[in-house]
Amino acid sequence: MTTPHPSHLDQRDPAKADVRDIREEVDREIEVYARDLHDLVLLVPEDSWDEFLKLSGCVAENEATLYRGVMLRKGPVTAVVVQEGF
């Protein structure tokens with residue numbers, strides 16, 4: 001059986017297919033913006049928030065936490081994304 005190609009309904013980014021967990025996905029997003037971390041805010045999917053906190057050892061306050069110098073917030077998103085313009 002062949003694997004179907006991603007469609008507009010596929011919520012996963014094919015570029016992140018090899019990501020092992022939500023912490024690694026956050027780390028990759030931080031690396032993309034490594035030159036401009038000042039005021040960077042990333043949204044983490046609500047259904048992955050608790051897993052991220054457990055894996056990273058971070059403690060959330062008001063559904064937000066600081067990780068590697070970046071503010072992370074729990075959000076109604078399907079992947080880790082920048083809050084800018086959201």
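The values are calculated or read from the model by the stated rules, or taken from the named source; none is laboratory data. Not measured: the values here are computed from a predicted model. All Cβ positions, glycine included, derive from the backbone under ideal geometry; neighbour counts span all protein chains shown. Calculation scope for accessible area: heavy atoms of the full protein, side chains included, ligands and nucleic acids excluded. Shrake-Rupley method; radii C 1.70, N 1.55, O 1.52, S 1.80 Å.
Odds and ends about this structure:
- Residues located in the stretch 45-68, provided they are closer than 16 Å to residue 30 by Cα, open to solvent by 90 Å² or more (accessible area, probe 1.4 Å) and either in a helix (DSSP H, G or I) or without any contact (Cβ under 8 Å) to a residue 12 or more places away in the chain (or both): 66
- Residue list for the stretch 6-33, restricted to those being among the hydrophobic types (A, V, I, L, M, F, W, C), surrounded by 10 or more Cβ atoms within 10 Å (Cβ to Cβ) and at pLDDT below 85: 19
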